[in-house]
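Undergrad: One structure, as structure tokens, below. Some questions next.
The values are calculated or read from the model by the stated rules, or taken from the named source; none is laboratory data. The model shown is predicted, which means the values in this text are computed figures rather than measured ones. Backbone-built Cβ (ideal geometry, glycine too); neighbour counts: all protein chains shown. What goes into the accessible areas is simple: the full protein's heavy atoms, side chains included, and nothing from ligands, DNA or RNA. Shrake-Rupley method; radii C 1.70, N 1.55, O 1.52, S 1.80 Å.
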Amino acid sequence: MKVIVFNTKSYDKKFLTDANKDFGHELTFLDVHLNADTCKLASGFEVVCAFVNDHLTKEILTLLAQNGVRLIALRCAGFNNVDLQTAADLKITVVRVPAYAPHGVAEHAVALMLILNRKIHRAHNRVHESNFSLDGLLGFEIYKKTVGIIGTGKIGALVARIMKGFGANVLAYDSMQNKECVDMNVEYVTLEEIYHRSDIITLHIPLTKDTHHIISDHALAQMKKGVMIINTSRGGLIDTKSVIGGLKTGKIGFLGLDVYEEEGDLFFEDLSGKIIHDDVFTRLLAFPNVIMTGHQAFFTKEALMNIAETTLSNITAFERGQVPVENAVTLDLLRKK
Ligand code: NAD
């Protein structure tokens with residue numbers, strides 16, 4: 001099929017081109033984001049391949065449909081950036097890659113925890129300046145601490161397994177219990193109990209209207225003083241202004257983020273010579289107990305291979321009228337959340 005790939009980086013092009021040797025689609029790569037101005041470039045293409053920060057709003061989907069687009073192939077798991085009602089109304093099929101990097105994301109969440117609890121980011125800088133003082137680097141062990149996992153799907157369950165390996169007491173909150181977690185003696189509790197009892201809280205639920213700003217002033221008020229919060233899921237789960245307040249008072253002792261609610265204007269680009277206009281973001285970076293990465297939790301060789309292969313096989317399946325149920329993004333999926 002004729003596929004236009006938006007928001008392409010060199011690594012996307014390499015992995016998609018390599019994988020396409022087995023599929024034979026006609027791929028056109030663009031480095032621009034998909035937006036109201038660029039969506040006219042999709043004219044003549046049946047398939048748009050998009051990524052996390054390409055916003056498929058009602059306006060854009062309508063323009064794409066007018067241009068003949070019939071399939072949106074997301075090369076990511078999250079689909080909060082797609083107006084699914086409009087896609088359904090316009091008879092545009094939406095597919096995704098539901099599980100391309102669960103191990104990579106789980107390992108990255110744990111990496112953020114370990115950097116924070118042992119202050120590795122600060123230690124690294126000191127050693128490079130021949131400052132070998134340990135003052136201010138006192139850490140804590142995860143062993144026997146209580147880790148609260150919000151969302152025990154594919155990624156959350158892997159984090160639970162790793163945390164069990166550390167000898168932590170693992171609590172979980174999810175609208176559906178995962179048998180794998182139950183079998184490893186993860187204790188399912190209410191959200192309130194997660195907040196009250198956890199030393200570390202890690203987020204692995206999708207961003208929906210129910211989960212938007214789940215970490216708010218109200219949630220923070222229920223947490224232990226000095227709690228560590230980790231978010232590798234979606235930025236919108238956290239009310240950033242509330243966590244800045246929590247960091248200032250010491251309520252939050254550590255914050256590890258791979259995602260940020262306004263990341264669309266920042267992440268995946270080299271802005272090193274530019275002025276950042278987002279004052280909330282720059283305030284976050286000024287805290288010594290905040291560590292941030294730019295949405296790279298998924299970014300492993302294994303994941304890029306999976307993303308490329310699944311995206312192209314989703315397109316082939318659509319061409320044959322056989323989209324796999326587990327990869328289709330439908331309104332039903334949204335209702336289940
Ligand atoms: P998943 O669908 O396997 O698991 C999500 C879990 O959340 C499910 O168990 C579901 O029951 C639960 N859930 C959903 N809505 C809920 C609600 N309102 N209340 C309670 N529980 C709810 O997803 P996954 O593969 O584990 O991925 C989790 C998230 O990680 C994705 O939604 C995506 O946003 C994010 N992600 C980030 C990266 C990255 O690079 N940072 C990469 C991949 C995925």
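Undergrad: So is Asn231 free of Cβ contacts under 8 Å to residues at least 40 places away in the same chain, closer than 26 Å to Asn7 by Cβ and surrounded by 22 or more Cβ atoms within 10 Å (Cβ to Cβ) or not?
TA: Taking the combined requirement at face value, the residue satisfies it.
Undergrad: State all residues of the stretch 306-325 that are part of a helix (DSSP H, G or I), open to solvent by 60 Å² or more (accessible area, probe 1.4 Å) and away from the ligand (no atom under 15 Å from the Cβ); if no residue qualifies, say none.
TA: Glu309, Glu319
Matching residues to (1) touching a residue at least 40 places away in the same chain (Cβ under 8 Å); (2) open to solvent by less than 10 Å² (accessible area, probe 1.4 Å):
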| site | (1), (2) |
| --- | --- |
| Lys21 | no, no |
| Asp31 | no, no |
| Cys39 | no, yes |
| Ser43 | no, no |
| Phe51 | yes, no |
| Asp54 | yes, yes |
| Leu71 | yes, yes |
| Leu74 | yes, yes |
| Asp83 | no, no |
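Undergrad: Is at least one residue of the stretch 194-208 within 21 Å of the chain's Cα centre (by Cα), within 16 Å of the ligand (Cβ to nearest atom) and open to solvent by 30 Å² or more (accessible area, probe 1.4 Å)?
TA: yes
Undergrad: Which of the residues belonging to the stretch 162-191 are more than 22 Å from Glu326 (Cα to Cα) and either within 13 Å of the ligand (Cβ to nearest atom) or aromatic (Phe, Trp, Tyr) (or both)?
TA: The answer is Phe166, Ala172, Tyr173, Val182, Val186, Tyr188, Val189, Thr190, Leu191.
Undergrad: Residues Val52, Val47: which one is in contact with a Cys (Cβ under 7 Å, 6 or more places away or on another chain), assigned by TED's automatic domain parsing to the domain that holds Ala77 and β-branched (Val, Ile, Thr)?
TA: It is Val52.
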